[in-house]
1. Residues with amide H under 5 Å of N338's amide H, sequence separation 5 or more or different chain, H placed in the peptide plane at 1.01 Å from N; which?
2. For segment 273-289, take each phi angle, set θ = phi - 60°, evaluate the Karplus expression 6.51 cos²θ - 1.76 cosθ + 1.60, and give the result in whole Hz per residue in order, putting x for glycine and proline.
3. Express the relative contact order of the chain as a whole percentage, based on alpha carbon pairs under 8 Å and six or more residues apart in sequence.
4. Would you please give the residues with an amide H less than 5 Å from that of Y203, counting only those at least 5 places away or on a separate chain, with H modeled from the backbone geometry?
5. Can you compute the helix-only [θ] at 222 nm over the chain? Use -39500 (n - 2.57) per DSSP H run of at least 4 residues, normalise by all residues, nearest 500 deg cm²/dmol.
6. For segment 147-157, just list the computed ³J(HN,Hα) in residue order, Karplus coefficients 6.51, -1.76 and 1.60, θ = phi - 60°, integers in Hz, with x standing in for Gly and Pro.
7. Note down the net charge around W93, summing +1 for each Lys or Arg and -1 for each Asp or Glu among other residues with Cβ under 13 Å from its Cβ.
8. Quick one: angle between helix 50-60 and the longest Cα principal axis of the chain, in degrees between 0 and 90, rounded to 10, please.
Amino acid sequence: MGVDNMIRKKRTFAVKAILVACVAISTVVAEEKNVEDNNEMVSAHQIRNPEIIRIAKELLATPDTEVEGVARPNPHPDAQWFPKAGLGLFMHWGIHSVVGAQPSWSMIKNYRHAGSVKLHPPEKYFSLAEQFNPTNWNPEKWLGTAKEAGFTYAVLTTKHHDGYALWPSKFGNFSTRQYLEGRDLVKPYVNACRKHGLKVGFYFSPRDWHYPNFPIYDVDFDFKKRGQYKRVDPKINRKRFEEFFTFTIGQLHELLTQYRQIDVLWFDGMGWHGIDDMHTKAVYKWIRSLQPGIVINDRWSKVRNPDEANVEQSFGDFSTVECRTAKERPKGWWETCNIWDMGGGWGYDKGERIRSLEWTLEHLIRCRQWGGNYLPNVGPRSDGEMTSGFYSRCKELAEWMAKHRDSVIGTTAPMNDDVATVPVTCRPGVWYLHIRPGDRREKEITVNAKWPIRKAYIMRTGAEVKYAMEGATYTFESPSGSLREVIVIEFAANTTEQSPSGDRLKAPPEE
Ligand code: GLC
């Protein structure tokens, strides 16, 4: 290489280096400017409450690896209703209900599950807050209907990923405080649950896409740019996260202290790009200090396994299977949530059609045979009234429950999956055989149990059912007709006992 050439190369390199440096400086300057631009917005979210600041600081100073003694599921006596609850009502309600849009996801461009109503850019979505005005908000009416239909707990979206809080939060600038003259929509819901004896559940999304600088993984709210995070100086990122964390703790503090006893907290995804520890265990411990008997799902955030830093584990009192049937019996306390509406979205759908009774019972029983709860979701209208489909399906469900409630609510799962050729649920000394209309083709139902049967009958009519016995196998003739029937078997022995993993079948002592 000639000298000239070398000099030219060096010069080019120097020019390139200067250019790179300029770009880096301008990015930092732009970032600083960005921070300044957002200052006004941020200041609305900045927490000045010394008590909240103290709590958040303490939580932030406690890494997951240092927290012990958060027993799961919650051993408190007030939490023990959960595995026998059976059926819960999930409700996605908020500013999205105004136009029947998919909650929050409809603001994401190019997203497959954004629903048919598109609300990108997000300003379009957020402006729905101006139209949301529930003049018919009467949860007492429809929670009464739910109670009759067999529901034993309810879970309402107090805040979805869109960040709109259904109560007049003192924190942030996107709640009924700014848009509905401080009206509290959560309180009537809580009161209605209590009035009808339903356990009170709050869905709360820690991720908040309205929050300034929230690092949403779809950059510019565009699914095509998923995961392409903007570069942020780690120090600035850390500061922003801590402010956001404090804001979230502030909102949670309101939810956990202003409504007396709350039974379920249903989180949906904490996370902040570039930050690993979400202080999950410390947060759960703090929540229990405010609500000792609460049951919390495992979606605040995963915790890292201290022995294998790259392995993350779910942490919570119960887990939620979403929109699918569990392939095998989940461990611990669990539920399945699912979209009940035929429209296929989580929020209000103008069609107002709810999936059939048979569909509902099939899913409920599949959960119950393994000791899980079923949580179908419905989207109320934006004015606060429930959909017509909800009322008609609940009426049918109530008719079925009037005869069969005891076979699905308050029951436990059999110890093994192979006790019968149809799903089984249990109570002390009693088994319930759940017969789908389709099962009748097989005509015979076999049950493996070593205890003598005292009585077997159709739950709906009380009519006795005949059976044959060979060894430990009983064979029943399948009831005819197109209805979903339940055969009740009363054993001449007490077949269940309490054990730490729930009451499960146990053979009586051998003679
Ligand atoms: C998913 C969806 C969210 C919905 C939740 C309910 O996390 O993203 O929109 O609220 O499921 O289970």
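Read the figures in this text as sums done on the coordinates, not as results from a lab. Since we're looking at a predicted model, the values are computed, not measured. All Cβ positions, even for glycine, are placed from backbone atoms using ideal geometry, and neighbour counts span all protein chains on display.
1. C323, L375, N377
2. 3, x, 10, 8, 8, 9, 6, 3, 5, 5, 5, 5, 5, 5, 4, 5, 5
3. After rounding, I find 16 percent.
4. Those lying under 5 Å, H to H, from Y203 are L156, T157, T158, W266.
5. On the way: 11 runs with 146 residues, N = 511.
For the chain, the value works out to -9000 deg cm²/dmol.
6. Going residue by residue, I get 4, 4, 7, x, 5, 10, 8, 9, 9, 10, 6 Hz, with x marking Gly and Pro.
7. Values: positive: K159, R381; negative: D162, D341, D349, D383, E385.
Here the count lands on -3.
8. The angle comes out near 80 degrees.
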